[in-house]
1. Can you give the relative contact order of the chain as a percent, counting alpha carbon pairs under 8 Å and 6+ residues apart?
2. Go through Val454, Thr162, Ala309 and say which Cα lies farthest out towards the positive end of the charge dipole of the chain; charges sit on Cβ, +1 for Lys and Arg, -1 for Asp and Glu.
3. Given the range 464-636, what percent of its DSSP beta bridges are antiparallel, to the nearest 5?
4. Of all DSSP beta bridges located in the chain, what percent are antiparallel, nearest 5?
5. Quick one: check the C-alpha center-to-center distance for the range 176-205 versus the range 7-77, whole angstrom.
6. Can you tell me the orientation of helix 137-146 relative to the chain, as the angle in degrees between its alpha-carbon axis and the longest Cα principal axis, to the nearest 10?
7. Place a point 7 Å from Cα of Leu19 in the direction of its Cβ. Which residues in the range 150-171 have their backbone N less than 17 Å from it?
8. Applying a 10 Å radius around every beta-carbon, put 176-184, 345-353, 532-540 in order of their mean neighbour count, most first.
Amino acid sequence: MKKSLAMKILENKLVSGNLIAGEEITIKIDQTLTQDSTGTMVYLQLLKLDVDKVKTSKSVAYIDHNTLQQGFENADDHEFIKTVAARHNIIFSKAGGGICHQVHLENFAIPGASLLGSDSHTPTCGGLGALAIGAGGLDVAVAMAKGEYNLIVPKIYSIKLTGELSDKVNGKDVILTILQKLTVKGGVGYIMEYSGDGVKNLSVTDRATICNMGAELGATTSIFPSDERTLDYLIKQGREEDFFPLCADKNADYDEILELNLSEIVPMVALPHSPDNVKKISEVQGIKVDQVAIGSCTNSSYEDMMKVAKILEGNKVHPDVSLVISPGSAKVLNLLVENGALNTMIKSGARILESACGPCIGMGQAPKAGGVSLRTFNRNFKGRSGTMDAEVYLLSPQAAVYSAISGVLSDPSNIEKDLTVKELESYGRLDSYFIFPEDINKPEVAMGKNIKEVPIGRALEKTLRGTILLKTGDNVTTDDICPSNAKLLPFRSNVPELSKYAFQTLTDDFKDISEKYNGGFILGGNNYGQGSSREHAALVPLYLGVKAVIAKSFARIHKSNLINSGILPLTFKKPSDYDGIDRFDELEIEGLEGGLSMNGKLIVKNLTKNTQFEIVQNFSEREVEVLKLGGYLNYVKGQV
């Protein structure tokens, strides 16, 4: 059998199991990354595993999400992460150093290495040929403690590229085109692997952009070959020794194939409120714009920033538009200072934000009520910007800044300037924001007063009985389950406080209902739990007594997070059974001890309606044991 690139790396990292799609395997993890929004919980869990040093070759703790310090909470979390990092041989990246994915791409990602990150956009580093996977925090904590990760072997989706992009489009337009074709569910259960003659015409940062938003396809990860463009990038980052050539076998076997001609890609835009609600900009241009935000882990590279500066040169931001720009790393920001591009941005009337996630995760720059915001980000879920009735669009930096000048959504194909960015001979080194563990003493762990204990599940009962606390539709996001904005992000280490806002975008009474019925069940549609890797979307329901989520289908990371928390993620055998169940129906699930096995039969009784339905069995033997013990922390503590 001719092997895909992804399968070659999985084979190289295989610890146990068989490389057969749908089976669970264990792989060696070389690197991990965390960010502060999910990181505090990761390190609380790592402490419970009681290890001295991490087992990975490199682990990095980034501060890039909760950088708006309106109170003591965020600063306390950062100090906690810093002290845990110092004690466990973890590199600490200070606030201001940049966004984890951009900084990791520049400084640490290695072709062929396995990287596990507590952020769903970890696949960004697939642009450099790394097998980079986003996961829940507990999975990352265990990977640091054991150097291993369990996953279901994905299928491989081949995206064969031909042609070359024009200078008016970039990787953002490529991935938006793919999202238009495949939707936010199109990559579920797959690794998206890019190949073909068109690959050599894409920069590493364009590749990274495409891999970044592969997360919106629901894919396990995305990956590009490691080739001459990869070597050139690593040389210019001062990391030539990290290069390793990698590609799929000629005529490799794939489960699905999509062919895409880069020469035919035109400027695209995702309309509210989903990344797959995509159209050509030429079809919808002319919409009046209030705000434009350029940056995020998707589009904040040096190449992106220089194209923005080229378009802004000699122009001014429209009087009705607020343009904010956040370079992806301190290194990129420093280069913009040195070459005068930052001066161009400021002269145009742009606001310069620090190198951090910022508006992408609702940390400041919320649009006005009912405002239209164009963003170079990866998600435009309702309310994510911090303004519930804002209309958020996703597009490339070229389209975003051109629209900021014109005041309306505009097609950058009309720009007459040459937007080709000349490659630098060297991007230089900038280590000022890193604290390497060998450089400092081993301090006591600093535990701030806002940091609360991690909720831990209890052993599974033989029979579960409870009320349907909430019935949702399709594509419920982790932003719906555990909202993320500047007000709530400081409480990512405080699950009791976060629980007050559970499902706030869908209902305002979930906590009260949960307390009234002493917990119960959630009913979901297709792709339940899409979006962020945040395990808070499982820990908050656990804290409120949720025993199981019954859905038509689940997003990969969220399903794992539910299992890790000890909450049963159950899937309808017949999706139509969903229609016969209502909120506040009382359900009973018997025979859980034997019924969770692969060959077991699990029946759910609707006591209110005197009906019943069957559940599909799709748990591995390990997952069954994890659920029986009440979660992954209980399962793994005795193994470390």
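1. 15
2. Ranked along the dipole, the leading option is Val454.
3. Working: 14 of 29 bridges.
If we restrict to bridges inside the range 464-636, about 50 percent are antiparallel.
4. 35
5. 25
6. Tilt relative to the chain: about 90 degrees.
7. Under 17 Å, as judged by backbone N against the label point of Leu19, lie 150-158 of the range 150-171.
8. Working: 176-184: 21.3, 345-353: 18.0, 532-540: 29.4.
In descending order of packing, they fall as 532-540, 176-184, 345-353.
Quick note: the coordinates plus some simple rules give every number you see, no bench work behind them. These figures come from a predicted structure and were not determined experimentally. Here Cβ is always computed from backbone atoms with ideal geometry, including for glycine, and neighbour counts include all displayed protein chains.
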